[in-house]
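Take a look at the structure below.
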Amino acid sequence: MVKTSFKIGNVEFKNRVFVASGTFGYGDEISELLDIKKLGGIFTKSLTLKPRKGNPPPRIVETASGLINSIGLANIGVEKFVSEKLPLLKQLNAVIIANIAGGTIEEYCRVLEKLESANGITAYEINISCPNVKEGGLNFGTDLKATAEITKMVRRLTSKPIILKLTPNVTRVSEFAKAAESEGADAVSLINTLVGMAVNVKTRKPKISTVTGGLSGPAIKPVALAKVYEVVNAVKIPVFGIGGIANTEDALEFLIVGANAIQVGTANFINPNISVSIAEGIEKFCLDNGIADVGMIVGSLDTSGNESVLKSWL
């Protein structure tokens, strides 16, 4: 048997494969299409204090090897989530990591407090990296002081794991990871989407209503790998790797560069069962190669001969 479990803070997770926020709804919508219990956990759609309609359509467009979205954090609000969605997820025995968003630090705290008072939440992912809302979101994620402050404030409210979701749309994402770590974050997750746009050449208009949005999918994987590698060499806390993961080999790349776990995002729209397939694929890879613990893969990148280049880059 292969050991697939690992710990973040005071919580042990079954394995290292999760589904990313915003790509799996609240977890109940597609529960009939896969066995949720086979996953490390579900990162919920972002939850805000009040319901949000999000941005006007069109707000999704396909691109070469990717997807641009400008959903705008549309969600049912934390109270409705607690009363309507959480009971269903409990019945499914799902491991739930609630993704929290807000326009102010106070709003983040109030959402967390409401979730904390409800039973069933395992951990929290603090979304400070959404590129398609005007308030909060990316503004927090591109300000080091704000990143540190929001981490400090939510840390005071819970003993459960706190995971800061970071934006790649900065010069040195590792500085933001260190800011989160310094104020008590148990882990960080990256990358969120890259800012992108698409244009209709016939109408000469943007293809989405907000002009720009967040680019995800296989097109961003090389960037994501580099950002994850940068961060794992800067902090001691666990890192969730996200960005363009569509199969087992993609997931293994992230583990090899040092991610402790991965989140599957856009690929869920193509194959809702892909995350389970990846979890099974990682275990099979270990069995085939005589690896007793998936953790032995984490950070196993061989950079011998590249030391001088890495020193200047990192």
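The values are calculated or read from the model by the stated rules, or taken from the named source; none is laboratory data. None of these values were measured; they are calculated from a predicted model. In this analysis, Cβ positions are derived from the backbone assuming ideal geometry, glycine residues included, and neighbour counts consider all displayed protein chains.
Could you check how many residues of the stretch 209-231 are of a type in the set (Val, Ile, Thr), surrounded by fewer than 24 Cβ atoms within 10 Å (Cβ to Cβ) and within 20 Å of residue 265 (Cβ to Cβ)? Summing the residues that are of a type in the set (Val, Ile, Thr), surrounded by fewer than 24 Cβ atoms within 10 Å (Cβ to Cβ) and within 20 Å of residue 265 (Cβ to Cβ) in the stretch 209-231 gives 3.
Answer yes if at least one residue in the stretch 194-206 is over 27 Å from residue 15 (Cβ atoms) and of a type in the set (Gly, Ala, Ser), and no otherwise. Yes, that holds for at least one residue. I'd like the residue in the stretch 225-251 that is assigned to a helix (DSSP H, G or I), out of contact with any strand residue (DSSP E or B) (no Cβ under 9 Å at 6 or more places or on another chain) and without any contact (Cβ under 8 Å) to a residue 60 or more places away in the chain and, out of all such residues, is nearest to residue 7 (Cα to Cα). Of everything passing the filter in the stretch 225-251, 248 is nearest to residue 7 (Cα to Cα).
Being basic (Lys, Arg) and at pLDDT 95 or above, is that true of even one residue in the stretch 122-145? No, the stretch 122-145 contains no residue that is basic (Lys, Arg) and at pLDDT 95 or above.
Screening the stretch 67-90 for residues that are at positive phi and small (Gly, Ala, Ser) and picking the one that is farthest from the chain's Cα centre (by Cα) gives 77. Go through the stretch 138-162 and give me each residue that's under 20 Å from residue 8 (Cβ atoms) and not in a helix (DSSP H, G or I). Result: 156, 157, 158, 159, 160, 161, 162.
Taking each residue of the stretch 118-141 that is within 14 Å of residue 22 (Cα to Cα) and looking for partners that are surrounded by fewer than 24 Cβ atoms within 10 Å (Cβ to Cβ) and at pLDDT below 80 with beta-carbon atoms closer than 6 Å, six or more apart or interchain, yields 130/137; 131/138.
Screening residue 215 against (1) more than 27 Å from residue 13 (Cβ to Cβ); (2) over 16 Å from the mean Cα position of the chain (by Cα); (3) modelled with pLDDT of 95 or more leaves a single unmet condition, (2). Going by the conditions given, is residue 144 out of contact with any strand residue (DSSP E or B) (no Cβ under 9 Å at 6 or more places or on another chain), among the hydrophobic types (A, V, I, L, M, F, W, C), within 29 Å of residue 313 (Cα to Cα) and touching a residue at least 12 places away in the same chain (Cβ under 8 Å)? Spelling it out, residue 144 is indeed out of contact with any strand residue (DSSP E or B) (no Cβ under 9 Å at 6 or more places or on another chain), among the hydrophobic types (A, V, I, L, M, F, W, C), within 29 Å of residue 313 (Cα to Cα) and touching a residue at least 12 places away in the same chain (Cβ under 8 Å).
Residue-wise test of (1) part of a loop (DSSP other than H, G, I, E, B); (2) without any contact (Cβ under 8 Å) to a residue 40 or more places away in the chain; (3) closer than 25 Å to residue 15 by Cα.
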| site | (1), (2), (3) |
| --- | --- |
| 45 | yes, no, yes |
| 49 | yes, no, no |
| 55 | yes, no, no |
| 62 | no, yes, no |
| 68 | no, no, no |
| 73 | yes, no, no |
| 81 | no, no, no |
| 86 | no, yes, yes |
| 94 | yes, no, yes |
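Scanning the stretch 265-280 for residues that are of a type outside the set (Gly, Ala, Ser), touching a Phe, Trp or Tyr at 6+ places or on another chain (Cβ under 9 Å) and not in a helix (DSSP H, G or I) turns up at least one hit.
Conditions (1) aliphatic (A, V, I, L, M); (2) under 24 Å from the mean Cα position of the chain (by Cα), marked per residue:
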residue	(1), (2)
268	no, yes
272	no, yes
276	yes, yes
281	no, yes
284	no, no
290	no, no
300	no, yes
306	no, no
310	yes, no
